[in-house]
Amino acid sequence: MDWQGQKLAEQIMQIMLLVFAVIALVAGYVLGSFQMMMIIYAGGVTLTALITVPNWPFFNCHPLNWLDPNEAEKHPKPQVAVSSKKKGTKK
Amino acid sequence: MHSFGYRLNGLLTFSVTILAIMCAIASLSDNLNTPSPSAEIQVMNINWFQKQPQGNDEVSLTMNISADLQTLFTWNTKQLFIFVAAEYETPKNSLNQVSLWDAIIPAKEHAKFWIHTSNKYRFVDQGNNLRGKEFNLTLHWHVMPKTGKMFADKIVLTGYSFPEEYR
């Protein structure tokens with residue numbers, strides 16, 4: 001994932017879990033069944049896990065463009081300044 | 001969110017925390033319930049009423065217990081524990097409570113019942129104070145939840161008394 005994708009995944013995860021929790025509570029109370037609440041919530045957790053945890057392509061819409069290795073060699077890293085006694089910097 | 005394991009761990013811990021909050025809310029919802037239970041106990045017969053060798057009175061009685069406790073059940077109730085206790089006063093103790101019978105009611109359908117039974121547990125006094133004594137029979141119940149707070153209450157039925165003489 002890229003950075004935007006990570007943020008999106010975290011937000012989706014939190015919102016989905018909260019929504020499923022509220023749905024499960026209301027359904028359980030109205031139906032008078034504790035078991036229904038647990039089933040709905042467990043299903044919600046599984047669905048959220050399937051959507052937010054694996055590295056889906058839609059989380060990678062803003063990919064970072066790392067520099068190509070061949071290109072990197074042409075632009076050497078800056079060297080720390082050395083004393084006058086030592087030889088000059090390597091190219 | 002930086003790796004599969006990181007996201008999975010975050011999801012699992014958040015979901016369990018939310019589950020704990022849901023259970024707390026479920027327990028709080030029990031307070032919305034206004035129960036209206038009713039019960040009646042008839043002492044059909046005093047089977048025997050003796051003084052034990054140690055000097056304590058013992059009595060065996062047969063009761064007809066009928067009750068409607070269906071309104072105590074909520075969606076968050078696992079079972080109902082009920083027991084019948086005899087309460088009376090003696091010179092030695094200001095309150096004596098002797099448990100005579102108990103039962104577990106696992107579901108709402110079984111909460112409206114009647115039962116004809118002798119006392120499940122022996123009724124022995126501390127001393128020999130029971131002749132002619134008036135006593136109350138109380139039906140206590142404990143509403144045991146699936147999650148959260150347990151409620152307990154009782155109905156007091158008065159007007160019972162022992163015979164004047166042993167038999």
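The values are calculated or read from the model by the stated rules, or taken from the named source; none is laboratory data. Every value quoted in this text rests on a predicted model; they were computed, and no experiment measured them. Cβ coordinates were reconstructed from backbone atoms using ideal geometry, including for glycine residues, and neighbour counts include every protein chain displayed. SASA here: full protein model, heavy atoms, side chains in, ligands and nucleic acids out. Shrake-Rupley method; radii C 1.70, N 1.55, O 1.52, S 1.80 Å.
Could you tell me whether the stretch B:74-145 comes out rounded, prolate or oblate from its Cα gyration tensor? Rule is a ≥ b ≥ c as square roots of the eigenvalues, rounded for a/c under 1.5, then prolate if a/b exceeds b/c, otherwise oblate.
Numbers: a/c = 3.33, a/b = 2.31, b/c = 1.44.
Taking the square roots of the gyration eigenvalues as a ≥ b ≥ c, the stretch B:74-145 is prolate.
Between B:Lys51 and B:Ser161, 0.36 nm times their residue separation minus their Cα-Cα distance comes to what? Intermediate results must be reported in sequence, preceding the final value.
Values: separation 110, 0.36 × 110 = 39.60 nm, distance 1.69 nm.
Result: 37.9 nm gained on full extension.
Between the C-alpha center of the stretch A:1-26 and that of the stretch A:33-85 there is a gap of 17 Å. Between B:Ala20 and A:His75, what's the calculated FRET efficiency when r is the beta-carbon distance and R0 is 41 Å? Round to 0.05. Taking R0 as 41 Å, the efficiency between B:Ala20 and A:His75 is 0.15.
Comparing mean-square fluctuations of B:Lys112, B:Lys92, B:Lys149 from a GNM of chain B with C-alpha springs under 10 Å, the top value falls on B:Lys92.
Measuring with a 1.4 Å probe in the full set of protein chains, what accessible area per residue, in whole Å², belongs to chain A?
Details: 7160 Å² over 91 residues.
Accessible area per residue: 79 Å².
Annotation note: GluC sites (Glu not before Pro) in the stretch B:88-167 located in DSSP loop regions with a Cβ neighbour count of at most 12 within 10 Å are B:Glu164, B:Glu165. Rounded to the nearest 100, the interface formed by chains A and B buries 2100 square angstrom of accessible surface, both chains summed, with a 1.4 Å probe.
In what sequence, highest mean first, do B:7-14, B:47-54 appear when ranked by Cβ atoms within 10 angstrom?
Packing order, densest peptide first, comes out as B:7-14, B:47-54.
Based on Cα contacts under 8 Å between residues 6+ apart, chain B shows a relative contact order of 24 percent.
B:Glu87: net charge of surrounding residues, Cβ under 13 Å, Lys/Arg +1, Asp/Glu -1, itself excluded? Walk me through the numbers before you get to the answer.
Details: positive: B:Lys133, B:Lys154; negative: B:Glu89, B:Asp125, B:Glu134.
Taking every other residue near B:Glu87 into account, the sum is -1.
Express the carbon and sulfur contribution to the solvent-accessible surface of chain B as a percent, rounded to the nearest whole number, probe 1.4 angstrom. That fraction is 54 percent.
Across peptide B:3-10, the mean count of Cβ atoms from other chains lying within 10 Å of each residue's own Cβ comes to 4.
Just want to confirm a number: the relative contact order over chain A, from Cα pairs under 8 angstrom separated by 6+ residues, in percent. It would help to have the intermediate numbers written out before the result.
Details: 59 pairs, mean separation 36.5, N = 91.
Once normalised by length, the contact order is 40 percent.
Model label points for A:Ile39 and B:Leu32, set 7 angstrom from Cα along the Cα-to-Cβ axis, are 2.1 nm apart.
For the pair B:Glu109 and B:Ser66, how long in nm is the line joining their label points, each one 7 Å along Cα→Cβ? Between B:Glu109 and B:Ser66, the label points sit 2.2 nm apart. Solvent-accessible area assigned to carbon and sulfur over the stretch A:3-54 amounts to 76 percent, based on a 1.4 Å probe.
Could you pull out the pairs from B:Lys133/B:Lys154; B:Lys112/B:Lys146; B:Lys120/B:Lys149; B:Lys120/B:Lys154 whose alpha carbons sit more than 25 Å apart here?
On the way: B:Lys133/B:Lys154 22 Å; B:Lys112/B:Lys146 21 Å; B:Lys120/B:Lys149 29 Å; B:Lys120/B:Lys154 19 Å.
Violating the 25 Å Cα-Cα cut-off are B:Lys120/B:Lys149.
Using the Cβ-Cβ distance between B:Gln79 and A:Glu10 with R0 set to 51 Å, the FRET efficiency from 1/(1 + (r/R0)^6) comes to roughly 0.80.
Between A:Ala27 and B:Leu95, the simple spin-label model (points 7 angstrom out along Cα→Cβ) gives 4.6 nm. Residue-normalised convex hull volume from the C-alpha trace of chain B: 158 Å³ per residue.
Every helix of 4 or more DSSP H residues in chain B counts as -39500 (n - 2.57), and over all residues that averages to -5500 deg cm²/dmol at 222 nm.
Here is the result for chain A: no GluC sites (Glu not before Pro) lie in DSSP coil with at most 13 other C-beta atoms within 10 angstrom of their C-beta. At what distance in angstrom do the alpha carbon centres of the stretch B:101-143 and the stretch B:1-61 lie from each other? Here the answer is 19 Å between Cα centres.
Counting Lys and Arg as +1 and Asp and Glu as -1, what is the net charge of the other residues whose Cβ lies under 9 Å from the Cβ of B:Phe49?
Working: positive: B:Lys51, B:Arg131, B:Arg167; negative: B:Asp57, B:Glu58, B:Glu165.
Here the charged neighbours net out to 0.
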